[in-house]
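The values are calculated or read from the model by the stated rules, or taken from the named source; none is laboratory data. All values derive from a computational prediction rather than experimental measurement. Glycine also receives a Cβ, built like all others from the backbone with ideal geometry; neighbour counts cover every protein chain displayed.
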Amino acid sequence: MLPPLRIRAARVIVTSPGRNFVTLKIETDQGVHGVGDATLNGREKAVVAYLEDHVIPVLIGRDARNIEDIWQYLYRGAYWRRGPVTMRAIAAVDMALWDIKAKALGVPLYDLLGGASRDRVRVYGHANGADIAETSDEVARYLEAGYTAVRAQTGVPGLAKPYGVSKDKDFYEPAEASLPVETVWSTPAYLRQAPALFEALRVRFGAEPLLLHDVHHRLTPQEAARLGKSLEPFDLFWMEDPTPAENPEAFRLIRAHTTTPLAVGEVFNSIWDAKDLIANQLIDYLRATVLGCGGITHLRRIADFASLWQVRTGCHGATDLSPITMACALHFDRWVPNFGIQEYMRHTAETDAVFPHAYHFEAGALFTGEAIGHGADIDEALAAKYPYEPRQLPIARLEDGTMWNW
Ligand code: CS2
Ligand code: MG
């Protein structure tokens, strides 16, 4: 039997090696420690306060072996359930506790979850460019680097800052300034450009590469249905977030008009956001993450539920999820029977140095490595060299000034 692992101390570490990350470190009286990610892009300090004021005080003295009970305590015990702040705080605790337990048992996390269903995790990379030609060259670069799945986003004529296009081609980070940058959006211009992009990509690269696209919540259900239909000849792996995710009913109309696979859920916090979309078979891939959805304990329940309707996973993996989330996601992906794909936006060298990790990229896939626990940690001395920098996500307005969905 594993001896009790009393939580002796817990603390929050905020660091900004190129972008902000919030990390929770939990220490036990047996000397084993674990780390979890609590980053909420543009709202980092809200989660710091939640953890420091309301979570850490109730963790001290608890037995870290009881991951389930601690999850239930933090979820049910909050009374004010769900939401991005609460669920990220719970996720950070949960990641750290799975890390501790796997380390105490001397096994890599995927082993504790039920063992490996696959030896590698297929990932998709992010190609983007100012226009179709540049985006196409970027896709070529990803395919040459070994990727077999690529998300493609392109500039739209007349729009200065469309979603998903960045100056730095390797490290996309939309949270650029301390106050939200204002961007302009035009749905008609976008709807002319997106099918032309995928037509050009299929002509150049043929049928084989998996191609993905993120609409980033910008369309109405009718517009999304039209886009899905016009993309059908180009055989997308998925069309992501076609409409704002808070209204599952919108997906009925989209679904009724197109066979383009649909992915949604990077902003979801719990099974309650996803359950109607899944049970009514309105989506194909679920973008929920260990970070957004209260950790591994809750995400694996969602995945099991989704498997009943053949909905597969496609975990969010943007740069605002730290390497600790990526490590947990990869162990989850290695186990989960209904795995679809994993998003992978590379972190900068500074971020990778602050968060040493056991996973690595090779031939279009990420490998968990065989380190015990989830295999990621934080170098606190290095982290201290990068103080917090206030940054917020941009906002979007229509050309006449009307607020829109970024
Ligand atoms: C995006 C994210 O990766 C994705 O699919 O939608 O980059 C999203 O914009 C960021 O995570 C926001 O912080
Ligand atoms: Mg997205």
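Just a few scattered comments:
- When Val47, Val93, Val123 are checked against the criterion of being touching a residue at least 24 places away in the same chain (Cβ under 8 Å) and closer than 30 Å to Tyr190 by Cβ, Val123 stands alone in meeting it.
- Every residue from segment 7-19 that is more than 14 Å from Ala96 (Cβ to Cβ) and in contact with a strand residue (DSSP E or B) (Cβ under 7 Å, 6 or more places away or on another chain): Val14, Thr15
- Residue in segment 266-274 that is small (Gly, Ala, Ser) and within 21 Å of Trp406 (Cβ to Cβ) present: no
Per-residue answers, yes or no, for (1) assigned to a strand (DSSP E or B); (2) under 25 Å from Pro337 (Cα atoms); (3) more than 21 Å from the chain's Cα centre (by Cα); (4) modelled with pLDDT under 95:
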position: Tyr110; (1), (2), (3), (4): no, yes, no, no
position: Arg122; (1), (2), (3), (4): yes, yes, no, no
position: Ala133; (1), (2), (3), (4): no, no, yes, no
position: Asp137; (1), (2), (3), (4): no, no, yes, no
position: Leu143; (1), (2), (3), (4): no, no, yes, no
position: Gly158; (1), (2), (3), (4): no, no, yes, yes
position: Gly164; (1), (2), (3), (4): no, no, no, yes
position: Phe171; (1), (2), (3), (4): no, no, no, yes
position: Ala189; (1), (2), (3), (4): no, no, yes, no
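- Count of segment 17-40 residues, restricted to those that are buried (at least 19 other Cβ atoms within 10 Å of the Cβ), within 15 Å of ligand 1 (Cβ to nearest atom) and assigned to a loop (DSSP other than H, G, I, E, B), is 5.
- Residues of segment 213-229 classified as more than 24 Å from Lys275 (Cβ to Cβ) and buried (at least 17 other Cβ atoms within 10 Å of the Cβ), total: 5
- Ala102 vs. criteria in contact with a Pro (Cβ under 8 Å, 6 or more places away or on another chain), within 21 Å of Ser322 (Cβ to Cβ) and touching a residue at least 60 places away in the same chain (Cβ under 8 Å): yes
- Residue check for Leu74: more than 16 Å from ligand 1 (Cβ to nearest atom), more than 22 Å from Met326 (Cβ to Cβ), touching a residue at least 12 places away in the same chain (Cβ under 8 Å) and in contact with a Lys or Arg (Cβ under 7 Å, 6 or more places away or on another chain): no
- Segments classed as strands (runs of 3 or more DSSP E), wholly inside segment 305-406, with at least 3 members that are surrounded by 20 or more Cβ atoms within 10 Å (Cβ to Cβ): 312-315, 339-343
- Considered as a group, the residues in segment 59-89 that are under 18 Å from His331 (Cβ atoms) and touching a Leu at 6+ places or on another chain (Cβ under 9 Å) include one that is surrounded by the most Cβ atoms within 10 Å (Cβ to Cβ), and that residue is Ala64.
- Qualifying residue in segment 191-207 (condition: outside any helix (DSSP H, G or I) and more than 16 Å from ligand 1 (Cβ to nearest atom)): yes
- Residue under evaluation Ala49, criteria (1) farther than 21 Å from Ala327 by Cβ; (2) in contact with a Lys or Arg (Cβ under 7 Å, 6 or more places away or on another chain); (3) not polar (S, T, N, Q), criterion not met: (2)
- Scanning segment 242-260 finds no residues that are within 16 Å of ligand 2 (Cβ to nearest atom), closer than 27 Å to Trp98 by Cα and either surrounded by 24 or more Cβ atoms within 10 Å (Cβ to Cβ) or among the β-branched types (Val, Ile, Thr) (or both).
- Residues of segment 307-325 that are touching a Gly at 6+ places or on another chain (Cβ under 6 Å) and touching a residue at least 40 places away in the same chain (Cβ under 8 Å): Gly314 alone.
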